[in-house]
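Peer 1: One structure is given below, represented as structure tokens, and several questions about it will come after.
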Protein chains: 2
Amino acid sequence: METNLLNDDLSLENLLAHWQGLTHAERETIFKMLGRMDQEELFLNLSSDYQLEIFTEIPSAEKRSWMRLLAPDDIADLLQNMDEEEQKTNMRYLDYPTMIEVKALMAYAEDEAGGLMNSRFARLRPEMTVEEAIRYLRAQSKSQIETIYYAYVLDRNQVLLGVVSLRELFLADAKKTISEIMNTDIVTVLQDEDQESISKTFSNHNFLALPVVDDGLVMKGIITGDDVIEVIEEEATEDIQKLGGMEALGEPYLEINLLTMIKKRAGWLMALFIGEMFTATAMSHYEGEIAKAVVLALFIPLVISSGGNSGSQATTLIIRAMALGEVRLKDWWRVFSRELLAGLSLGCILGLIGLIRILLWPNHQTLYGEHYFLVALTVACSLIGIVLWGTLAGSMLPFFLRRMGLDPATSSAPFVATLVDVTGLIIYFTVASIFLKGILL
Amino acid sequence: METNLLNDDLSLENLLAHWQGLTHAERETIFKMLGRMDQEELFLNLSSDYQLEIFTEIPSAEKRSWMRLLAPDDIADLLQNMDEEEQKTNMRYLDYPTMIEVKALMAYAEDEAGGLMNSRFARLRPEMTVEEAIRYLRAQSKSQIETIYYAYVLDRNQVLLGVVSLRELFLADAKKTISEIMNTDIVTVLQDEDQESISKTFSNHNFLALPVVDDGLVMKGIITGDDVIEVIEEEATEDIQKLGGMEALGEPYLEINLLTMIKKRAGWLMALFIGEMFTATAMSHYEGEIAKAVVLALFIPLVISSGGNSGSQATTLIIRAMALGEVRLKDWWRVFSRELLAGLSLGCILGLIGLIRILLWPNHQTLYGEHYFLVALTVACSLIGIVLWGTLAGSMLPFFLRRMGLDPATSSAPFVATLVDVTGLIIYFTVASIFLKGILL
């Protein structure tokens, strides 16, 4: 075995846990070592990226049987990762009704409810009795439907009338009709709802599956909890990467092509760099002041980075709170007043530390000159202003971006830091000119 | 109605979707407007924080009946948020067996499998027939067990032997015994496994529930998908807040006490500030150089922030990849070589832009002096070094922290930026002294 990761344990459990840690070649070797049953088990449980990897290596003659192992939504995911030519070739392995279904699923974006759902769910008619329904579900459990634990009651036009859980069927009087016992207060998701909103609906309720409908309440499919778990992880990864100041990679770190990754990072890094150039412009306005009082230059990195750090805290907090639905656009004023107080307190704390640091530093007089007290005061007061400004800018920017219809996560920590750096310099030199005019400047 | 958020729609669906957007007072008013049945429905579906809010307001005489509505794991969550005195008082409302169960659940940390699990699950004996099992589960569906869709097969010592889904029972021959049809290749989680690892197991498999066992495979309870969804959201929130350079808040932004929030932010901000103070120390070493060539000071914010931004990208990428299990400790060398190439490319891109910016800027000669070309070269070469260093430091720090047994997410964007700022200054002034010695310096 090439890898010690698996400790020679080829159980499905162990393979799934370590599959993504292996190299492409290791995965191929291990897959070949497995018996057909184990291969199938593994294939069924892997994510669509790894399914594609395996599927590509399988000889054409066997492709049909491997493809037909999968449920229609999984086939759609698999095909979505191929180019158009391959999609057409592989589509031919499907039987006609499945092909129609897969095509319909592929018409949805991958991050919409329609793209996540499975169209094989358990259906009941309102006029059935409980007894008939249980017998019917029992028979349906043989087919490839995703879950029989929730059954959806549809009229002749496929409009969703209600839902019953198998558990409720077990408890109900066998002679009653489905329409008498079904729940009509149904939680649904719309077919074009995005994954962020679907995962919110899921975490607000305790259902194992949710029905997907169109505007006319026509039932399209179901989404189960495990689909949502994947989506939530993906969403969080995207947000975290954007917050780190880059485009979302969309692929695992060790899998992504190095050039593609550099491109995704270079874009934002260049934009931030060009934004940060304004610091050089701002600084050149104060060249005279720096020449007169070099001591001022010493504290520039300290002062402006504090603005960046406090802005990074504020923007991160608000972006996450927005993603979780804790903070909405209309809350901007409540956020503003909280951040005003927070920024002021944090600024005073840092200002005080800065003041003490300069005043108590050994040989501060030789280092910072005879007017060291005024320098200390300049640093302390600028810190209050800059931290307050950083906090307010960082917390309000996500509101502004969302209001403009943009993704608030664009307002990353580095983005806010860059914004605050330029204004921080202006605040610092303005405060300096107030305290030191006629003395050092 | 005080709030337009609800649009006078008091359906459970609408209440749950907007509950956290309301103020405490609004929630209280609305709760009182509901009938008892709707109140109970709402109470059962809210998270434990909001359950506690409601429970606190309920008159003592009614507390018993409200408490008994909840399943033992939910009672444990509710009690966990009270102080010890209140816990004792409220524990008295429970019947004796439930109290024992709740106490056992509370002994686990909230983020361990034991703290998330429900101990009321469906149990079967291996010697039962399929027919008996279905009848038995049908009867059990009346009790408060979390799901009847998976049944766990235990021996007399509560050791887990296998699992059968209700679906499999439906398909099986009614006369067979459970031991003949049960799955023995069981995916389990250990009772002290943490939530990060549990959610990984969940997203690697397609199960709606997982059994929790101890070292001896004695079954302790089950965890369902909706518990995991909450946990994944919480984990991501914690990581995101740490990445933003603060302690995780642990409460929704608009709910948390302002003073508590300031404390959680001030800690890291102060630590970063004290770290950043070394920039002032470093700068004071170069005071002579700055006095001789003020033009060098102009580019300090630009140069060091580029190191911070590239470090922020790298650290964010690696921390997330570690959280998702895509990158492990043993991968450090693969990551190092990727980041070496990425850092070098990104450094060259920014260096080139910096060079062009200075050379093509209108009146660069008056702004940057006659040696503007050497200044431009200094900026460009330092950028290559600093971006490379930022990238490597940012990507290796999470490995170092994890190796030390610390949380890699501690290595936040602001933390890396601070680290890189000090070393960035040293790189910048070293490069400057090479290019400008005897000319400007």
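The values are calculated or read from the model by the stated rules, or taken from the named source; none is laboratory data. Note that the structure is predicted; figures quoted are calculated from it, not measured. Cβ sites come from the backbone with ideal geometry, for glycine too, and all protein chains shown count toward neighbours. Just so you know, the surface numbers come from the protein's heavy atoms only, side chains and all, with ligands and any DNA or RNA stripped out. Shrake-Rupley method; radii C 1.70, N 1.55, O 1.52, S 1.80 Å.
Peer 1: Report, by residue number, each residue of the stretch B:372-407 that is hydroxyl-bearing (Ser, Thr, Tyr) and either at pLDDT 90 or above or surrounded by 24 or more Cβ atoms within 10 Å (Cβ to Cβ) (or both). Even if it seems obvious, please write down each step before you answer.
Peer 2: Within the stretch B:372-407, the first condition is being hydroxyl-bearing (Ser, Thr, Tyr), and the residues that meet it are B:372, B:378, B:382, B:391, B:395.
Correct list: B:Thr378, B:Ser382, B:Thr391, B:Ser395.
Peer 1: Test B:Glu57 against the criterion of being open to solvent by 80 Å² or more (accessible area, probe 1.4 Å) and either more than 30 Å from B:Leu166 (Cα to Cα) or not charged (D, E, K, R) (or both), and give yes or no.
Peer 2: Yes: the conditions hold for B:Glu57.
Peer 1: How many residues are within 29 Å of B:Trp361 (Cβ to Cβ) and touching an Asp or Glu at 6+ places or on another chain (Cβ under 9 Å) if we restrict to the stretch A:238-263?
Peer 2: Within the stretch A:238-263, residues that are within 29 Å of B:Trp361 (Cβ to Cβ) and touching an Asp or Glu at 6+ places or on another chain (Cβ under 9 Å) number 1.
Peer 1: How many residues are touching a residue at least 12 places away in the same chain (Cβ under 8 Å) and of a type in the set (Lys, Arg) when one looks only at the stretch B:2-56?
Peer 2: Total meeting the criteria: 1.
Peer 1: Restricting to the stretch A:258-301, give me the number of residues that are outside any helix (DSSP H, G or I) and in contact (Cβ under 8 Å) with a residue 24 or more places away in the chain. Walk me through it before giving the result.
Peer 2: Residues of the stretch A:258-301 outside any helix (DSSP H, G or I): A:286, A:293-294, A:299.
Keeping just the survivors that are in contact (Cβ under 8 Å) with a residue 24 or more places away in the chain gives A:286, A:293, A:299.
So the count comes out to 3.
Peer 1: Is it the case that the stretch B:200-213 has a residue that's touching a residue at least 12 places away in the same chain (Cβ under 8 Å), open to solvent by 10 Å² or more (accessible area, probe 1.4 Å), among the charged types (D, E, K, R) and closer than 30 Å to B:Gly311 by Cα?
Peer 2: yes
Peer 1: Taking into account only those residues within the stretch B:175-199 that are closer than 24 Å to B:Val228 by Cα and free of Cβ contacts under 8 Å to residues at least 12 places away in the same chain, which is surrounded by the fewest Cβ atoms within 10 Å (Cβ to Cβ)? It would help to see each step written out before you state the result.
Peer 2: The first filter runs over the stretch B:175-199 and keeps only residues closer than 24 Å to B:Val228 by Cα, leaving B:183-199.
Retained after the next criterion (residues that are free of Cβ contacts under 8 Å to residues at least 12 places away in the same chain): B:185, B:197.
Numbers: B:Asp185: 10, B:Ser197: 15.
The qualifying residue surrounded by the fewest Cβ atoms within 10 Å (Cβ to Cβ) is B:Asp185.
Peer 1: Kindly state which helices (runs of 4 or more DSSP H) lie completely within the stretch B:80-129 and contain at least 1 residues that are without any contact (Cβ under 8 Å) to a residue 24 or more places away in the chain and open to solvent by 50 Å² or more (accessible area, probe 1.4 Å).
Peer 2: Details: elements: B:84-91, B:96-106, B:113-116.
The helices (runs of 4 or more DSSP H) meeting that bar are B:84-91, B:96-106.
Peer 1: Turning to a different aspect of this structure: Which numbered condition trips up A:Ala172, out of (1) over 22 Å from the mean Cα position of the chain (by Cα); (2) within 13 Å of chain B (Cβ to nearest Cβ); (3) open to solvent by 40 Å² or more (accessible area, probe 1.4 Å)?
Peer 2: Looking at each condition in turn, A:Ala172 falls short on (3).
Peer 1: Any idea how many residues of the stretch A:7-26 are under 17 Å from A:Met37 (Cβ atoms), among the hydrophobic types (A, V, I, L, M, F, W, C) and either part of a loop (DSSP other than H, G, I, E, B) or in contact with a His (Cβ under 6 Å, 6 or more places away or on another chain) (or both)?
Peer 2: Matching residues across the stretch A:7-26 total 1.
Peer 1: So is B:Thr147 touching a residue at least 24 places away in the same chain (Cβ under 8 Å), more than 10 Å from every other protein chain (Cβ to nearest Cβ), open to solvent by less than 70 Å² (accessible area, probe 1.4 Å) and of a type in the set (S, T, N, Q) or not?
Peer 2: So B:Thr147 does not fit the description; no.
Peer 1: Checking the structure you have, find out if any residue of the stretch B:36-47 is in a loop (DSSP other than H, G, I, E, B), within 14 Å of chain A (Cβ to nearest Cβ) and among the hydroxyl-bearing types (Ser, Thr, Tyr). Give the derivation first.
Peer 2: Filtering the stretch B:36-47 for residues in a loop (DSSP other than H, G, I, E, B) gives B:46-47.
So of that shortlist, the ones also within 14 Å of chain A (Cβ to nearest Cβ) come out as B:46-47.
Retained after the next criterion (residues that are among the hydroxyl-bearing types (Ser, Thr, Tyr)): B:47.
The answer is yes, given that some residue of the stretch B:36-47 is in a loop (DSSP other than H, G, I, E, B), within 14 Å of chain A (Cβ to nearest Cβ) and among the hydroxyl-bearing types (Ser, Thr, Tyr).
Peer 1: Given the options B:Ala280, B:Ala297, B:Ala342, B:Ala291, name the one that is at the interface with chain A (Cβ under 7 Å from one of its Cβ atoms), farther than 30 Å from A:Leu346 by Cα and open to solvent by less than 10 Å² (accessible area, probe 1.4 Å). Full working, then the answer.
Peer 2: Values: B:Ala280 fails: farther than 30 Å from A:Leu346 by Cα; B:Ala297 fails: farther than 30 Å from A:Leu346 by Cα; B:Ala291 fails: open to solvent by less than 10 Å² (accessible area, probe 1.4 Å).
That would be B:Ala342, the only listed residue that is at the interface with chain A (Cβ under 7 Å from one of its Cβ atoms), farther than 30 Å from A:Leu346 by Cα and open to solvent by less than 10 Å² (accessible area, probe 1.4 Å).
Peer 1: Counting only residues that are more than 22 Å from B:Thr378 (Cβ to Cβ) and open to solvent by 30 Å² or more (accessible area, probe 1.4 Å), how many does the stretch B:408-441 have?
Peer 2: Total satisfying the criteria: 3.
Peer 1: Do we find a residue being assigned to a helix (DSSP H, G or I), modelled with pLDDT of 90 or more and buried (at least 22 other Cβ atoms within 10 Å of the Cβ) anywhere in the stretch A:352-363? Give the derivation first.
Peer 2: So the first thing to find is which residues in the stretch A:352-363 are assigned to a helix (DSSP H, G or I), and the list is A:352-360.
Right, trim to modelled with pLDDT of 90 or more and you get A:352-356.
Checking which are buried (at least 22 other Cβ atoms within 10 Å of the Cβ) leaves us with A:354.
Checked against the condition, which is being assigned to a helix (DSSP H, G or I), modelled with pLDDT of 90 or more and buried (at least 22 other Cβ atoms within 10 Å of the Cβ), the stretch A:352-363 yields at least one hit.
Peer 1: Just one of B:Glu238, B:Glu233 is farther than 17 Å from A:Asn309 by Cα, open to solvent by 10 Å² or more (accessible area, probe 1.4 Å) and at the interface with chain A (Cβ under 7 Å from one of its Cβ atoms); which is it? Break it down into steps so the answer makes sense when it comes.
Peer 2: Working: B:Glu238 fails: at the interface with chain A (Cβ under 7 Å from one of its Cβ atoms).
None of the other options fit; the residue is B:Glu233.
Peer 1: Another question, if that's okay. I want to confirm something. Restricting to the stretch A:305-327 and keeping residues that are open to solvent by 10 Å² or more (accessible area, probe 1.4 Å) and of a type outside the set (Ser, Thr, Tyr), which single residue is farthest from the other protein chains (Cβ to nearest Cβ)? Break it down into steps so the answer makes sense when it comes.
Peer 2: Here is the first cut: in the stretch A:305-327, the residues open to solvent by 10 Å² or more (accessible area, probe 1.4 Å) are A:305, A:309, A:320, A:323-324, A:326.
Narrowing further to those that are of a type outside the set (Ser, Thr, Tyr): A:309, A:320, A:323-324, A:326.
On the way: A:Asn309: 4, A:Arg320: 5, A:Ala323: 9, A:Leu324: 7, A:Glu326: 4 Å.
Top of the filtered list is A:Ala323.
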